[in-house]
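Asker: Here it is, the structure, as structure tokens.
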Amino acid sequence: MILKIILASTSRYRADLLKRLQITFEVAKPAIDESPHKDESPADTALRLAIAKALVVANAPNQTVGTLIIGSDQVADLNGKQLGKPGTRENAIVQLQAMRRQKVIFHTAVALVHVGLRRMHSRIVPTEVTFRDYSDREIENYLDREDALDCAGSAKSEGLGAALITRMTSDDPTALIGLPLLALIDMLAAENVRVLA
């Protein structure tokens, strides 16, 4: 029996996405180092961090059997180079300049851990994004109007960042925002949590 669900993330984007499923959940902050490992691919980094976030919360001393922990992470891949959250406006400008006229793959990973039973599900959902030929002035205007410093690649597609994008291809429209709900729904069902039950 599932007693509770915990989102191992303080991301407001992920919490907002999970609320769409209309399930009750708590939020916990996973204390992990999110630095990529040497020679690690962007997809591998995203998957490793999603799993690590779920496991660090699952292994907390107060967790009980019957708790499901959701971990997620996203890394942008520009020709093999990892782009994470910019953190500063200067970094955001550099990222957005590098992505201009380019195809970038956003690897969004999700992991679900069943505490006690030590069962884990995980999946990576890629989204290919083609960026427009925007000007440096448009980058400045975008950053003046959109708070995107906590978004991988500085492009907040669910907001004004859509103006930077000419095309998106993915099996899950929620993956680019930060939590692949279609994959998560399958994982929850595998643990007998049916969203529409």
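Asker: Say each of residue 137 and residue 162 gets a label point 7 Å from the Cα, pointing the same way as Cα to Cβ; how far apart are those two points in nm?
Answerer: Distance between the two pseudo-spin positions: 2.5 nm.
Asker: Hey, another quick one. Only Cα pairs within less than 10 Å get springs; with that Gaussian network setup on the chain, which residue of 46, 76, 98 has the largest fluctuation?
Answerer: 98
Asker: Sticking with this structure for a sec: Averaging sequence separations of C-alpha pairs under 8 Å and six or more residues apart, then dividing by the length of the stretch 4-190, give the relative contact order as a whole percent.
Answerer: Numbers: 385 pairs, mean separation 41.3, N = 187.
22 percent.
Asker: Ok, one more. List the DSSP H helices in the chain whose Cα atoms stretch 18 Å or more along the helix axis and whose mean Kyte-Doolittle hydropathy is at least -0.5.
Answerer: Span-like helices, by this rule, are 42-58.
Asker: Between residue 62 and residue 190, what FRET efficiency comes out of the Förster formula 1/(1 + (r/R0)^6) with R0 = 25 Å and r the beta carbon distance, rounded to 0.05? Walk me through the numbers before you get to the answer.
Answerer: On the way: r = 25 Å, r/R0 = 0.99.
The pair residue 190/residue 62 has a calculated efficiency of 0.50.
Asker: Here's a follow-up. Would you mind working out the magnitude of the charge dipole of the stretch 1-127 relative to its Cα centre, with +1 at each Lys and Arg C-beta and -1 at each Asp and Glu C-beta, to the nearest 20 Debye? Intermediate results must be reported in sequence, preceding the final value.
Answerer: Working: 18 positive and 10 negative charges, 70 e Å.
The dipole of the stretch 1-127 has a size of about 340 debye.
Asker: OK, next. Could you please report the charge total around residue 160, scoring K, R as +1 and D, E as -1 over all other residues with beta-carbon less than 11 angstrom from its beta-carbon?
Answerer: Working: positive: 145, 156; negative: 138, 144, 146, 147, 158.
The answer is -3.
Asker: Put +1 on the Cβ of each Lys and Arg and -1 on the Cβ of each Asp and Glu in the stretch 47-178; which of 129, 155, 91 then has its Cα farthest toward the positive end of the dipole?
Answerer: Highest projection toward the positive end goes to 129.
Asker: Any idea what the relative contact order of the stretch 1-93 is, in percent, if you count C-alpha pairs under 8 Å spaced at least 6 apart? Provide the component values of the computation, followed by the final result.
Answerer: Values: 116 pairs, mean separation 31.0, N = 93.
Once divided by the residue count of the stretch 1-93, the mean separation gives 33 percent.
Asker: Taking the Cβ of residue 40 as the center, what net charge do the other residues with Cβ under 15 Å away carry, scoring Lys and Arg +1 and Asp and Glu -1?
Answerer: Numbers: positive: 38, 48, 81; negative: 33, 34, 39, 44, 73, 77.
Cβ neighbours under 15 Å give a net charge of -3.
Asker: Moving on. Helix-derived [θ] at 222 nm for the chain: sum -39500 (n - 2.57) over DSSP H runs of at least 4, divide by residue count, nearest 500?
Answerer: Details: 5 runs with 56 residues, N = 197.
Value at 222 nm, helices only: -8500 deg cm²/dmol.
Asker: Could you sort out which of 19/156; 29/156; 29/103; 19/103; 81/156 sit more than 28 Å apart by Cα distance in this structure? Show your work: numbers first, answer last.
Answerer: Numbers: 19/156 19 Å; 29/156 22 Å; 29/103 32 Å; 19/103 30 Å; 81/156 19 Å.
Distance filter (> 28 Å) returns 29/103; 19/103.
Asker: Once the dipole of the stretch 4-190 is set up with Lys and Arg at +1 and Asp and Glu at -1 on Cβ about the Cα centre, which of 176, 55, 78 lies farthest towards its positive end?
Answerer: 55
Asker: Using alpha carbons only, how many angstrom separate the centre of the stretch 60-84 from the centre of the stretch 7-43?
Answerer: Each part's Cα centre sits 5 Å from the other's.
Asker: How much net charge surrounds residue 132 when only other residues with a Cβ under 11 Å from its Cβ are counted (Lys, Arg +1; Asp, Glu -1)?
Answerer: Details: positive: 100, 101, 167; negative: 133, 138.
Summing Lys and Arg as +1 and Asp and Glu as -1 gives +1.
Asker: For residue 102, project a label point 7 Å along Cα to C-beta. Then give me every residue of the stretch 34-63 with its amide nitrogen under 18 Å of that point.
Answerer: So the set is 36, 39-46.
Readers should treat all values here as calculations from the given coordinates under stated rules, not as data from a laboratory. Because the structure is predicted, anything quoted here is derived from the model rather than measured. Neighbour counts run over all protein chains shown; Cβ positions are idealised from the backbone, glycine included.
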